[in-house]
Amino acid sequence: MRIPQTILDACAQPPMHHRTAAFMELSERIWQNLQRIFLTKEPVIVLAGSSMTGIEAVAWSLHKPGDHALVIEHGRFGERIEHILGLAGVHVQALRAQWGRSVSVDDVMQAIDEAGDLASIWLVHSETSTGVTLDLESIARAVRAVRPDIMICVDAVSSVAVHEVKVDEWELDAVICGTQKGLMCPPGLACLSLSNRARRHLDTLPQRVYTMNLHDVLAHRRKGLFVWTPPVTLLAGLDAALGIILEEGMEHVWARHMQVTNRLHRELAGRGFALFGEASSHALTAVLHDRSEDIRHALEERHDIIVAGGQDHLHGTMLRIGTCGPMTSGDIRDFMTAFDDVCSTLDIDRI
């Protein structure tokens with residue numbers, strides 16, 4: 001993802017001291033703007049670390065050993081959530097779909113009915129390993145209608161500020177993302193929202209982790225502070241990024257990502273390239289090709305464009321082309337020019 005220069009410039013400013021009034025003002029602005037992007041009145045907190053840091057903090061802070069959780073798995077990152085919950089002593093029941101496929105509301109409701117006593121349900125909204133999204137709104141509304149007690153926890157790493165995510169309206173309890181996708185910043189921060197239901201539950205549980213204890217993080221946030229010395233330069237960049245996103249407007253941000261993805265799909269289809277699975281994510285598009293690794297390497301060597309490959313058993317079978325952040329239709333035009341050059345150089349047939 002191309003990071004806007006304004007954000008890079010903000011990160012490059014001299015570091016602020018994290019106990020000064022100026023930094024506390026910046027922190028408060030970040031927290032408030034994250035609430036506007038998550039569409040919630042509940043607190044959104046920021047942790048130093050990757051998106052997985054945020055997921056692990058929620059897993060350990062909101063569960064006790066012996067709890068039961070349902071994890072919807074339709075790719076690599078759902079599998080990671082199952083592993084993290086297992087390390088936290090949670091008994092996981094998985095609802096698995098073939099990579100590239102989605103999961104229906106009916107399947108989710110049947111799995112909940114068969115699971116019995118559940119503390120939480122976890123899902124990956126936009127699965128980065130496959131380029132497939134779940135119908136988060138429909139799943140959340142169906143779950144909440146029959147099980148108001150279950151905590152709904154969402155990996156929204158590649159969907160916040162890409163796809164529509166309405167935390168309060170859909171009654172989501174924990175929504176986690178990083179800064180390196182839709183928030184168009186360098187990696188290194190996790191952002192997560194916690195509902196009132198989740199915070200009440202948190203207060204009933206003993207502390208099981210130290211640096212990722214969300215009870216302490218929330219307590220310090222109420223005082224305008226971080227628990228530990230935060231990565232102040234990354235936060236300065238995040239402050240700039242949130243301002244850019246909100247100036248554009250969330251409705252426009254979602255629409256732009258959809259338009260960019262649709263154009264990329266049309267361009268690829270017009271050249272005879274097949275998409276992987278349901279191809280419903282607006283954060284990336286997975287393209288099948290038996291010479292995907294050759295294409296990837298040539299794009300980097302000839303045009304300085306980095307495109308991801310397939311993960312795990314899909315390695316060597318696909319390209320994963322990112323479209324999140326500041327991408328425009330003009331960027332897709334430029335990418336396809338480079339793509340055509342690479343295909344011509346490699347003597348790859350196109351329609």
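Numbers below:
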{"read-out": "Given (1) closer than 30 Å to Pro148 by Cβ; (2) part of a helix (DSSP H, G or I); (3) without any contact (Cβ under 8 Å) to a residue 24 or more places away in the chain, number of the condition Gln207 does not satisfy", "value": "(2)"}
{"read-out": "Selected residue (criterion: surrounded by the fewest Cβ atoms within 10 Å (Cβ to Cβ)) from residues of region 203-227 that are touching a strand residue (DSSP E or B) at 6+ places or on another chain (Cβ under 8 Å) and over 18 Å from Glu28 (Cβ atoms)", "value": "Met212"}
{"read-out": "The one condition in (1) over 21 Å from Ala10 (Cα atoms); (2) assigned to a loop (DSSP other than H, G, I, E, B); (3) of a type in the set (D, E, K, R); (4) under 23 Å from the mean Cα position of the chain (by Cα) that Lys181 fails to fulfil", "value": "(1)"}
{"read-out": "Matching option when the condition is touching a residue at least 12 places away in the same chain (Cβ under 8 Å) and either assigned to a loop (DSSP other than H, G, I, E, B) or in contact with a Ser or Thr (Cβ under 7 Å, 6 or more places away or on another chain) (or both), among Leu225, Leu242", "value": "Leu225"}
{"read-out": "Yes/no for Thr328 being within 30 Å of Ile37 (Cα to Cα), crowded, with 20+ Cβ neighbours inside 10 Å and touching a residue at least 12 places away in the same chain (Cβ under 8 Å)", "value": "no"}
{"read-out": "Test result for Ser102, touching a residue at least 40 places away in the same chain (Cβ under 8 Å), surrounded by fewer than 21 Cβ atoms within 10 Å (Cβ to Cβ), touching a Leu at 6+ places or on another chain (Cβ under 8 Å) and polar (S, T, N, Q)", "value": "yes"}
{"read-out": "Whichever residue in region 286-325 is of a type in the set (Asp, Glu) and not in a helix (DSSP H, G or I) and, among such residues, is surrounded by the most Cβ atoms within 10 Å (Cβ to Cβ)", "value": "Asp290"}
{"read-out": "Boolean, His68 is out of contact with any His (no Cβ under 8 Å at 6 or more places or on another chain) and outside the structural domain of Ile305 (by TED's automatic domain parsing)", "value": "no"}
{"read-out": "Some residue of region 258-267 being touching a Leu at 6+ places or on another chain (Cβ under 7 Å) and without any contact (Cβ under 8 Å) to a residue 24 or more places away in the chain", "value": "yes"}
{"read-out": "Unique match (being in a helix (DSSP H, G or I) and out of contact with any Phe, Trp or Tyr (no Cβ under 7 Å at 6 or more places or on another chain)) among Thr53, Thr40", "value": "Thr53"}
{"read-out": "Filter result for Arg19 (within 22 Å of Thr229 (Cβ to Cβ), over 18 Å from the mean Cα position of the chain (by Cα) and at pLDDT below 95)", "value": "yes"}
{"read-out": "Filter result for the condition that a residue is more than 18 Å from Ile55 (Cα to Cα) and modelled with pLDDT under 95, over Trp228, Trp254", "value": "Trp228"}
{"read-out": "Filter result for Arg302 (basic (Lys, Arg), closer than 28 Å to Asp135 by Cβ and modelled with pLDDT of 95 or more)", "value": "no"}
{"read-out": "Cβ pairs under 8 Å, 6+ apart, first in region 21-33 and in contact (Cβ under 8 Å) with a residue 12 or more places away in the chain, second in a helix (DSSP H, G or I) and surrounded by fewer than 17 Cβ atoms within 10 Å (Cβ to Cβ)", "value": "Asn33/Gly243; Asn33/Leu246"}
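Rundown of residues vs (1) among the small types (Gly, Ala, Ser); (2) over 21 Å from the mean Cα position of the chain (by Cα); (3) over 30 Å from Asp331 (Cα atoms), yes/no style:
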position: Gln13; (1), (2), (3): no, yes, no
position: Glu25; (1), (2), (3): no, yes, yes
position: Arg29; (1), (2), (3): no, yes, yes
position: Gly49; (1), (2), (3): yes, no, no
position: Thr53; (1), (2), (3): no, no, yes
position: Ala59; (1), (2), (3): yes, no, yes
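The values are calculated or read from the model by the stated rules, or taken from the named source; none is laboratory data. These numbers come from a predicted model, not from an experiment. Here Cβ is always computed from backbone atoms with ideal geometry, including for glycine, and neighbour counts include all displayed protein chains.
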